[in-house]
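Novice: I am attaching a structure below and will ask some questions about it afterwards.
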Amino acid sequence: MLLLRPPGVYRPQGDTLLLTETLRRSGMRPGARVLDICTGTGAVALAAALGGASVTAVDVSTRAVLAARLNARLRRLPVKAVRGDLLRPVAGQLFDVIVSNPPYVPGRSAPPRHGAARAWEAGDDGRALLDRICEQAPRHLAEDGMLLVVQSALSGVAPTLAALRGQGLKASVVARRTEPFGPVMRGRAAELEARGLIAPGQRSEELVVIRADRVESRR
């Protein structure tokens, strides 16, 4: 769908599409309570709302929140967009589905606190946001709830799976796709090669969607 995107807000790309496709195949029931973390333009939140969900969308960027609100309003979809840091704005709330397309690009320092780069910079190993989501999101999953998070394999799939399983969730990779590097990764390719994160000449990355389910024991 065509979305309004102010300057500085993350443009929906291949990772957004992969996450949206996976959500549509996930078996999400109509009426589900959905939380979209790092919503950007609200693309995934809108897809959930089109599937009949009641959606809360969160982003640290004021421009992103305004974009998500406007895109939802133009389509008359039930999306509540709020500004805040990851799950802090929804403290104490439970959701049937949590989705996230967080920043995951490996960088050279801590993620910036301001500017457009917040949408992709994720610290030295690309896990600054991923690790926090793995820690915090399980506490917000309702009984039989699921988490869907998209990331690059360059940021470490095994650590994400281990962290979610360590929280008692059943986690696995449910979707994969190889995508050519975007402008940020192309500009950083030489550095990534020097660090051994990509092979010489590599200009693509594998994107994965990890699904984690809260499976309650039944008597």
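The values are calculated or read from the model by the stated rules, or taken from the named source; none is laboratory data. Since this is a predicted model, take the numbers as computed values, not measurements. Note: ideal-geometry Cβ built from the backbone for every residue, glycine included; neighbour counts use all protein chains shown.
Novice: Given the structure, is L86 in contact with a Lys or Arg (Cβ under 9 Å, 6 or more places away or on another chain), over 21 Å from P7 (Cα atoms) and either aromatic (F, W, Y) or surrounded by fewer than 21 Cβ atoms within 10 Å (Cβ to Cβ) (or both)? Quick ask: steps written out before the conclusion?
Specialist: Details: in contact with a Lys or Arg (Cβ under 9 Å, 6 or more places away or on another chain): yes; over 21 Å from P7 (Cα atoms): yes; either aromatic (F, W, Y) or surrounded by fewer than 21 Cβ atoms within 10 Å (Cβ to Cβ) (or both): yes.
Answer is yes for this residue.
Novice: Sticking with this structure for a sec: I need the full set of residues from segment 179-196 which are assigned to a helix (DSSP H, G or I), loosely packed, with under 13 Cβ neighbours inside 10 Å and not charged (D, E, K, R), in order please.
Specialist: Step one: filter segment 179-196 for residues assigned to a helix (DSSP H, G or I), giving 183-187, 189-194.
Retained after the next criterion (residues that are loosely packed, with under 13 Cβ neighbours inside 10 Å): 183, 186-187, 190, 194.
Answer for segment 179-196, where residues must be assigned to a helix (DSSP H, G or I), loosely packed, with under 13 Cβ neighbours inside 10 Å and not charged (D, E, K, R): P183, G187, A190, A194.
Novice: Scan segment 102-112 and tell me whether some residue there is within 30 Å of E191 (Cβ to Cβ), at pLDDT 95 or above and not basic (K, R). Quick ask: steps written out before the conclusion?
Specialist: The first filter runs over segment 102-112 and keeps only residues within 30 Å of E191 (Cβ to Cβ), leaving 102-112.
After this cut, where a residue has to be at pLDDT 95 or above as well, the list is 102.
From the residues that got through so far, the ones that are not basic (K, R) too are 102.
Within segment 102-112 (the criterion being within 30 Å of E191 (Cβ to Cβ), at pLDDT 95 or above and not basic (K, R)), the answer is yes, since at least one residue qualifies.
Novice: Against the condition farther than 26 Å from G182 by Cβ and in contact (Cβ under 8 Å) with a residue 24 or more places away in the chain, how does P12 come out, does it pass?
Specialist: Details: farther than 26 Å from G182 by Cβ: no; in contact (Cβ under 8 Å) with a residue 24 or more places away in the chain: yes.
Against the criterion (farther than 26 Å from G182 by Cβ and in contact (Cβ under 8 Å) with a residue 24 or more places away in the chain), P12 does not qualify.
Residues are listed down the side, and each one gets a yes or a no for (1) assigned to a loop (DSSP other than H, G, I, E, B); (2) under 14 Å from V99 (Cβ atoms); (3) modelled with pLDDT of 95 or more:
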| position | (1), (2), (3) |
| --- | --- |
| L3 | yes, no, no |
| P6 | yes, no, no |
| Y10 | yes, no, no |
| L17 | no, yes, yes |
| T20 | no, yes, yes |
| L23 | no, yes, yes |
| G27 | yes, yes, no |
| D36 | no, yes, yes |
| V44 | no, yes, yes |
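Novice: Collect the residues in segment 112-122 that are exposed (fewer than 14 other Cβ atoms within 10 Å of the Cβ) and either among the acidic types (D, E) or in contact (Cβ under 8 Å) with a residue 60 or more places away in the chain (or both), keeping them in residue-number order.
Specialist: Residue satisfying the conditions is G115 alone.
Novice: Taking into account only those residues within segment 197-213 that are more than 24 Å from V99 (Cβ to Cβ) and of a type in the set (A, V, I, L, M), which is surrounded by the fewest Cβ atoms within 10 Å (Cβ to Cβ)?
Specialist: A199
Novice: Using the structure shown, decide if A64 is buried (at least 22 other Cβ atoms within 10 Å of the Cβ) and among the hydrophobic types (A, V, I, L, M, F, W, C).
Specialist: Details: buried (at least 22 other Cβ atoms within 10 Å of the Cβ): yes; among the hydrophobic types (A, V, I, L, M, F, W, C): yes.
Yes; evaluated as a whole, the condition is true for this residue.
Novice: OK, next. Any residue at all in segment 133-142 that's over 14 Å from the mean Cα position of the chain (by Cα), β-branched (V, I, T) and either surrounded by fewer than 21 Cβ atoms within 10 Å (Cβ to Cβ) or closer than 19 Å to R33 by Cα (or both)?
Specialist: No.
Novice: Right, something else. Can you list residue pairs whose Cβ atoms sit under 6 Å apart, with the first residue in segment 58-76 being within 21 Å of A137 (Cα to Cα) and the second being surrounded by fewer than 21 Cβ atoms within 10 Å (Cβ to Cβ)? Count only pairs 6 or more apart in sequence or on different chains.
Specialist: Close Cβ pairs (under 6 Å, with a partner that is surrounded by fewer than 21 Cβ atoms within 10 Å (Cβ to Cβ)) amount to V58/V82; V58/G84; V58/P89; V60/D85; V65/R83.
Novice: Only one of L70, L130 is assigned to a helix (DSSP H, G or I), in contact with a Phe, Trp or Tyr (Cβ under 9 Å, 6 or more places away or on another chain) and not basic (K, R). Can you tell me which? Write out each step before concluding.
Specialist: Values: L70 fails: in contact with a Phe, Trp or Tyr (Cβ under 9 Å, 6 or more places away or on another chain).
Every option except L130 fails the conditions.
Novice: Same structure again: Among the residues that make up segment 37-59, is at least one of them in contact with a helix residue (DSSP H, G or I) (Cβ under 7 Å, 6 or more places away or on another chain), surrounded by fewer than 23 Cβ atoms within 10 Å (Cβ to Cβ) and farther than 23 Å from D213 by Cβ?
Specialist: No, segment 37-59 contains no residue that is in contact with a helix residue (DSSP H, G or I) (Cβ under 7 Å, 6 or more places away or on another chain), surrounded by fewer than 23 Cβ atoms within 10 Å (Cβ to Cβ) and farther than 23 Å from D213 by Cβ.
Novice: Could you check segment 102-111 and list, in sequence order, the residues that are surrounded by 14 or more Cβ atoms within 10 Å (Cβ to Cβ) and over 15 Å from the mean Cα position of the chain (by Cα)?
Specialist: Of segment 102-111, the ones surrounded by 14 or more Cβ atoms within 10 Å (Cβ to Cβ) are 102-107, 111.
Those that are surrounded by 14 or more Cβ atoms within 10 Å (Cβ to Cβ) and over 15 Å from the mean Cα position of the chain (by Cα): P106, G107, P111.
Novice: Scan segment 85-127 for residues that are within 30 Å of L192 (Cα to Cα) and part of a helix (DSSP H, G or I) and jot them down. Write out each step before concluding.
Specialist: Of segment 85-127, the ones within 30 Å of L192 (Cα to Cα) are 85-86, 99-127.
If the condition is that a residue be within 30 Å of L192 (Cα to Cα) and part of a helix (DSSP H, G or I), then A116, A117, R118, A119 are the ones that fit.
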